[in-house]
Amino acid sequence: MKNSAQKIKATTQKFIEILDIVDNVVLLASGNACSVIEVQATNFALLSSEEQNARVLSYAALLNSLSFPIQVFISKQKK
C-alpha cells in the first residue's frame, strides 16, 4: 500500500496540450502552433446599411482568404 505522505505527482498539466507561449504564439504538444486574438465589439444594429454591408463583406473576405482552419469564439456580456 502506498504511503499517504507521498506527494501526488499527476497534475492537470499532463492533460493540457499547450507546451509554451512565445511571442503571442501558443505552441502545442502536437507540434502545431496557434495564435489567440481579441477584437472589440461593435453594435451592428447602430450601423448604417452601407456600414453593415461593408463589415459583412470584409469579414467574408477575411474568412475566404485563409488557407488554414480557425476557431471563432463569441462571448456576449451585459454591461
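None of the figures in this text is laboratory data; all of them are computed from the coordinates on show. It should be emphasised that the depicted structure is a prediction, and the values quoted were computed from it without experimental measurement. Every residue, glycine as well, gets a Cβ built from its backbone with ideal geometry; the counts of neighbours run over all protein chains shown.
Phi-derived couplings, Karplus 6.51 cos²θ - 1.76 cosθ + 1.60 at θ = phi - 60°, listed residue by residue for the range 33-46: 9, 8, 10, 10, 10, 10, 10, 8, 7, 10, 7, 4, 5, 7 Hz, with x used for Gly and Pro. Using r as the Cβ-Cβ distance of THR42 and ILE18, and R0 as 25 Å, what FRET efficiency do you calculate, to the nearest 0.05? Rounded to the nearest 0.05, the efficiency is 0.25.
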